[in-house]
1. Among the residues of segment 212-235, write down those that are closer than 17 Å to VAL176 by Cα and either crowded, with 22+ Cβ neighbours inside 10 Å or without any contact (Cβ under 8 Å) to a residue 60 or more places away in the chain (or both).
2. Just a yes or no: is a residue in segment 195-216 of a type in the set (Val, Ile, Thr) and either in a loop (DSSP other than H, G, I, E, B) or touching a Cys at 6+ places or on another chain (Cβ under 6 Å) (or both)?
3. Filter segment 83-100 down to residues that are among the β-branched types (Val, Ile, Thr) and either closer than 14 Å to VAL179 by Cα or not in a loop (DSSP other than H, G, I, E, B) (or both), then give me how many there are.
4. Determine, yes or no, whether ALA125 is under 29 Å from THR219 (Cβ atoms), touching a residue at least 12 places away in the same chain (Cβ under 8 Å) and out of contact with any strand residue (DSSP E or B) (no Cβ under 8 Å at 6 or more places or on another chain).
5. Regarding segment 39-52, can at least one residue be identified that is within 26 Å of ASN139 (Cα to Cα), at pLDDT 95 or above and crowded, with 22+ Cβ neighbours inside 10 Å?
6. Kindly indicate whether ALA103 is touching a residue at least 12 places away in the same chain (Cβ under 8 Å), in a loop (DSSP other than H, G, I, E, B) and closer than 24 Å to LEU129 by Cβ.
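The values are calculated or read from the model by the stated rules, or taken from the named source; none is laboratory data. Computed from a prediction, not measured in an experiment: that's the story for all the values here. Ideal geometry is used to build each Cβ from the backbone, glycine not excepted, and the neighbour counts take in all protein chains shown.
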Amino acid sequence: MIGGVRALLMLTLAGCGRIGFGTTNDPADGPANSDAIGPLGDAPASAITVTFGERSDAMFTGVSKDTHLAQAQPTLNFGGAIELDLDGPPTADNLLILFDTTAIPVNATVFSASLDLMITDTASAEARLQAFRMLRDWNEGSSNGVGGAASWQQPTLAELWEEAGAGGSERDTTVVADVMGPFILNTPITIALLPDAVQRWVADKTTNFGLVVTQINGTDGTGFGSREEPRESFRPLLTVTYVP
(Lines give C-alpha, C1' and ligand atoms only; values in the text may rest on other atoms or scores of the structure.)
Protein backbone atom coordinates (compact mmCIF):
# COMPACT_ATOMS: atom_id res chain seq x y z
CA MET A 1 0.00 0.00 0.00
CA ILE A 2 1.26 3.50 -0.85
CA GLY A 3 1.84 5.60 2.24
CA GLY A 4 2.88 2.83 4.61
CA VAL A 5 -0.55 1.49 5.52
CA ARG A 6 -0.48 -2.19 6.46
CA ALA A 7 -2.49 -4.55 4.28
CA LEU A 8 -4.64 -6.11 6.96
CA LEU A 9 -7.27 -4.67 9.31
CA MET A 10 -10.08 -6.10 11.36
CA LEU A 11 -12.54 -4.01 13.35
CA THR A 12 -15.18 -5.18 15.78
CA LEU A 13 -18.43 -3.20 15.86
CA ALA A 14 -20.98 -4.00 18.54
CA GLY A 15 -23.96 -5.71 16.95
CA CYS A 16 -22.67 -5.18 13.43
CA GLY A 17 -20.40 -8.16 12.87
CA ARG A 18 -16.66 -8.26 12.27
CA ILE A 19 -15.42 -6.03 9.54
CA GLY A 20 -11.99 -5.95 7.93
CA PHE A 21 -9.81 -6.10 4.85
CA GLY A 22 -6.82 -7.64 3.17
CA THR A 23 -7.48 -11.33 3.85
CA THR A 24 -6.81 -14.39 1.78
CA ASN A 25 -9.60 -15.31 -0.62
CA ASP A 26 -9.75 -18.90 0.67
CA PRO A 27 -13.02 -19.34 2.65
CA ALA A 28 -11.40 -22.15 4.64
CA ASP A 29 -9.01 -19.64 6.21
CA GLY A 30 -11.87 -17.91 8.04
CA PRO A 31 -12.33 -14.17 8.37
CA ALA A 32 -9.47 -11.76 8.94
CA ASN A 33 -7.68 -12.01 12.29
CA SER A 34 -9.15 -9.58 14.81
CA ASP A 35 -5.67 -8.97 16.23
CA ALA A 36 -4.28 -7.78 12.89
CA ILE A 37 -2.71 -4.33 12.60
CA GLY A 38 -4.31 -1.59 10.53
CA PRO A 39 -2.98 1.90 9.68
CA LEU A 40 0.04 2.82 11.74
CA GLY A 41 -1.28 5.50 14.10
CA ASP A 42 -3.69 8.32 13.46
CA ALA A 43 -4.03 10.15 10.17
CA PRO A 44 -1.68 13.16 9.92
CA ALA A 45 -3.02 16.64 10.60
CA SER A 46 -2.93 17.41 6.88
CA ALA A 47 -5.32 14.55 6.05
CA ILE A 48 -8.65 15.32 4.37
CA THR A 49 -11.80 13.20 4.67
CA VAL A 50 -14.36 13.17 1.85
CA THR A 51 -17.62 11.29 1.34
CA PHE A 52 -19.35 10.02 -1.81
CA GLY A 53 -22.95 8.89 -2.30
CA GLU A 54 -26.49 9.82 -3.24
CA ARG A 55 -27.27 11.39 0.14
CA SER A 56 -27.60 14.98 1.32
CA ASP A 57 -24.84 14.37 3.90
CA ALA A 58 -22.35 13.31 1.19
CA MET A 59 -19.81 15.83 -0.05
CA PHE A 60 -19.97 14.46 -3.61
CA THR A 61 -23.22 13.22 -5.18
CA GLY A 62 -24.18 11.86 -8.58
CA VAL A 63 -21.11 9.63 -8.34
CA SER A 64 -22.35 6.08 -7.79
CA LYS A 65 -24.02 3.11 -9.43
CA ASP A 66 -25.07 -0.24 -7.98
CA THR A 67 -26.97 -3.42 -8.78
CA HIS A 68 -27.06 -7.09 -7.89
CA LEU A 69 -26.70 -10.19 -10.04
CA ALA A 70 -29.13 -13.06 -9.40
CA GLN A 71 -28.09 -16.59 -10.34
CA ALA A 72 -31.70 -17.78 -10.12
CA GLN A 73 -32.76 -15.03 -12.56
CA PRO A 74 -29.69 -14.96 -14.81
CA THR A 75 -31.01 -12.65 -17.54
CA LEU A 76 -32.69 -10.07 -15.30
CA ASN A 77 -31.38 -6.66 -14.29
CA PHE A 78 -31.86 -5.04 -10.87
CA GLY A 79 -30.19 -1.66 -11.41
CA GLY A 80 -33.39 0.15 -10.40
CA ALA A 81 -34.14 -1.94 -7.29
CA ILE A 82 -34.18 -0.26 -3.89
CA GLU A 83 -32.45 -3.24 -2.28
CA LEU A 84 -29.11 -4.86 -3.10
CA ASP A 85 -29.34 -8.60 -2.48
CA LEU A 86 -26.57 -10.98 -1.49
CA ASP A 87 -26.82 -14.73 -1.11
CA GLY A 88 -24.39 -17.61 -1.12
CA PRO A 89 -24.28 -20.95 -2.90
CA PRO A 90 -25.99 -22.92 -4.25
CA THR A 91 -28.04 -20.03 -5.68
CA ALA A 92 -26.00 -16.86 -5.34
CA ASP A 93 -26.69 -13.14 -5.56
CA ASN A 94 -23.64 -10.90 -6.01
CA LEU A 95 -23.57 -7.13 -5.52
CA LEU A 96 -21.85 -4.58 -7.78
CA ILE A 97 -21.15 -1.05 -6.54
CA LEU A 98 -19.02 1.83 -7.85
CA PHE A 99 -18.16 5.35 -6.67
CA ASP A 100 -16.46 7.92 -8.90
CA THR A 101 -13.53 9.16 -6.79
CA THR A 102 -12.06 11.64 -9.28
CA ALA A 103 -12.63 14.46 -6.77
CA ILE A 104 -9.55 13.18 -4.92
CA PRO A 105 -6.27 14.53 -6.39
CA VAL A 106 -4.40 11.90 -8.41
CA ASN A 107 -1.21 12.42 -6.39
CA ALA A 108 -2.96 11.96 -3.03
CA THR A 109 -2.12 9.08 -0.69
CA VAL A 110 -5.15 7.22 0.58
CA PHE A 111 -4.87 6.66 4.33
CA SER A 112 -8.17 4.83 4.93
CA ALA A 113 -11.46 4.03 3.24
CA SER A 114 -14.77 2.60 4.37
CA LEU A 115 -18.16 1.73 2.94
CA ASP A 116 -21.37 2.36 4.91
CA LEU A 117 -24.29 0.05 4.08
CA MET A 118 -27.70 -0.26 5.73
CA ILE A 119 -29.01 -3.75 6.47
CA THR A 120 -32.51 -4.15 4.99
CA ASP A 121 -32.70 -7.95 5.15
CA THR A 122 -30.86 -10.11 7.65
CA ALA A 123 -28.84 -13.23 6.90
CA SER A 124 -28.03 -16.20 9.07
CA ALA A 125 -25.58 -15.42 11.88
CA GLU A 126 -22.70 -17.23 10.18
CA ALA A 127 -23.00 -15.25 6.94
CA ARG A 128 -19.64 -14.04 5.64
CA LEU A 129 -19.21 -11.41 2.93
CA GLN A 130 -16.13 -10.62 0.83
CA ALA A 131 -15.45 -7.79 -1.62
CA PHE A 132 -13.10 -7.71 -4.60
CA ARG A 133 -12.05 -4.95 -6.97
CA MET A 134 -13.70 -5.26 -10.39
CA LEU A 135 -11.38 -5.23 -13.41
CA ARG A 136 -13.89 -4.50 -16.17
CA ASP A 137 -16.78 -2.10 -16.78
CA TRP A 138 -20.44 -3.04 -16.32
CA ASN A 139 -23.82 -1.40 -16.85
CA GLU A 140 -25.97 -0.53 -13.87
CA GLY A 141 -29.23 -0.71 -15.81
CA SER A 142 -32.49 0.73 -14.52
CA SER A 143 -34.77 -2.29 -14.24
CA ASN A 144 -36.12 -4.19 -11.26
CA GLY A 145 -36.46 -7.81 -12.27
CA VAL A 146 -36.73 -7.19 -16.02
CA GLY A 147 -34.43 -8.43 -18.77
CA GLY A 148 -31.32 -6.30 -19.21
CA ALA A 149 -27.76 -5.77 -18.04
CA ALA A 150 -25.89 -6.02 -15.90
CA SER A 151 -27.27 -9.45 -15.07
CA TRP A 152 -25.85 -12.75 -13.82
CA GLN A 153 -24.97 -13.63 -17.41
CA GLN A 154 -23.98 -10.24 -18.86
CA PRO A 155 -22.01 -7.14 -17.79
CA THR A 156 -23.50 -5.24 -20.73
CA LEU A 157 -26.15 -6.11 -23.31
CA ALA A 158 -23.43 -6.76 -25.90
CA GLU A 159 -21.22 -9.08 -23.82
CA LEU A 160 -21.10 -12.09 -21.53
CA TRP A 161 -19.19 -12.33 -18.28
CA GLU A 162 -16.08 -14.48 -18.60
CA GLU A 163 -17.49 -16.35 -15.60
CA ALA A 164 -21.14 -15.77 -14.76
CA GLY A 165 -21.83 -13.55 -11.77
CA ALA A 166 -18.80 -11.30 -12.30
CA GLY A 167 -16.25 -14.00 -11.54
CA GLY A 168 -13.04 -15.22 -13.13
CA SER A 169 -10.30 -12.85 -14.25
CA GLU A 170 -12.76 -9.93 -14.52
CA ARG A 171 -12.35 -9.34 -10.79
CA ASP A 172 -9.16 -9.09 -8.75
CA THR A 173 -8.13 -11.97 -6.48
CA THR A 174 -7.28 -9.73 -3.49
CA VAL A 175 -10.01 -9.53 -0.86
CA VAL A 176 -10.49 -5.83 -0.07
CA ALA A 177 -13.14 -6.35 2.62
CA ASP A 178 -14.13 -9.35 4.75
CA VAL A 179 -17.24 -9.21 6.93
CA MET A 180 -18.69 -11.80 9.31
CA GLY A 181 -22.26 -11.61 10.64
CA PRO A 182 -24.55 -11.49 12.47
CA PHE A 183 -26.28 -8.52 10.85
CA ILE A 184 -29.14 -6.60 12.45
CA LEU A 185 -32.15 -5.35 10.47
CA ASN A 186 -32.23 -1.57 9.84
CA THR A 187 -28.75 -1.21 11.34
CA PRO A 188 -25.84 0.35 9.42
CA ILE A 189 -22.49 -1.36 9.09
CA THR A 190 -19.21 0.38 8.30
CA ILE A 191 -16.94 -1.85 6.26
CA ALA A 192 -13.23 -1.05 6.24
CA LEU A 193 -11.76 -1.31 2.74
CA LEU A 194 -8.19 -2.06 1.78
CA PRO A 195 -6.81 1.45 1.12
CA ASP A 196 -4.78 0.21 -1.84
CA ALA A 197 -7.99 -0.56 -3.74
CA VAL A 198 -9.12 3.07 -3.55
CA GLN A 199 -5.55 4.26 -4.14
CA ARG A 200 -5.58 2.53 -7.51
CA TRP A 201 -8.84 4.28 -8.47
CA VAL A 202 -7.41 7.65 -7.41
CA ALA A 203 -4.12 7.21 -9.25
CA ASP A 204 -5.79 6.05 -12.47
CA LYS A 205 -9.52 6.66 -12.84
CA THR A 206 -9.63 4.34 -15.87
CA THR A 207 -9.11 1.38 -13.49
CA ASN A 208 -12.15 2.21 -11.34
CA PHE A 209 -14.81 -0.41 -12.07
CA GLY A 210 -15.99 -0.56 -8.48
CA LEU A 211 -16.39 -3.64 -6.30
CA VAL A 212 -18.14 -6.98 -6.44
CA VAL A 213 -19.38 -8.23 -3.08
CA THR A 214 -20.15 -11.92 -2.55
CA GLN A 215 -21.63 -13.97 0.28
CA ILE A 216 -19.54 -17.11 0.64
CA ASN A 217 -21.52 -18.93 3.34
CA GLY A 218 -24.64 -18.71 5.47
CA THR A 219 -28.07 -20.24 4.98
CA ASP A 220 -29.97 -17.07 4.11
CA GLY A 221 -29.38 -13.93 2.06
CA THR A 222 -28.50 -10.40 3.11
CA GLY A 223 -30.07 -7.17 1.82
CA PHE A 224 -28.68 -3.62 1.73
CA GLY A 225 -30.24 -0.33 0.74
CA SER A 226 -29.28 0.70 -2.80
CA ARG A 227 -28.71 4.21 -4.13
CA GLU A 228 -32.38 4.18 -5.21
CA GLU A 229 -33.63 3.49 -1.66
CA PRO A 230 -36.21 6.26 -0.82
CA ARG A 231 -34.75 6.75 2.67
CA GLU A 232 -31.52 8.71 2.17
CA SER A 233 -29.83 7.32 5.27
CA PHE A 234 -30.25 3.80 3.87
CA ARG A 235 -28.17 4.55 0.76
CA PRO A 236 -24.50 3.52 0.42
CA LEU A 237 -21.79 5.99 1.43
CA LEU A 238 -18.05 5.81 0.68
CA THR A 239 -15.71 7.65 3.07
CA VAL A 240 -12.07 8.24 2.14
CA THR A 241 -9.33 9.89 4.18
CA TYR A 242 -6.30 10.95 2.16
CA VAL A 243 -3.14 12.97 2.49
CA PRO A 244 -2.68 15.59 -0.28
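1. Initially, segment 212-235 is screened for residues closer than 17 Å to VAL176 by Cα, giving 212-216.
Hits for segment 212-235 are VAL212, VAL213, THR214, GLN215.
2. Taking segment 195-216 first, the residues of a type in the set (Val, Ile, Thr) are 198, 202, 206-207, 212-214, 216.
Retained after the next criterion (residues that are either in a loop (DSSP other than H, G, I, E, B) or touching a Cys at 6+ places or on another chain (Cβ under 6 Å) (or both)): none.
No, the conditions are met nowhere in segment 195-216.
3. Number satisfying all stated conditions: 1.
4. Considered against the rule, which asks whether it is under 29 Å from THR219 (Cβ atoms), touching a residue at least 12 places away in the same chain (Cβ under 8 Å) and out of contact with any strand residue (DSSP E or B) (no Cβ under 8 Å at 6 or more places or on another chain), ALA125 comes out as yes.
5. yes
6. The answer is no for ALA103.
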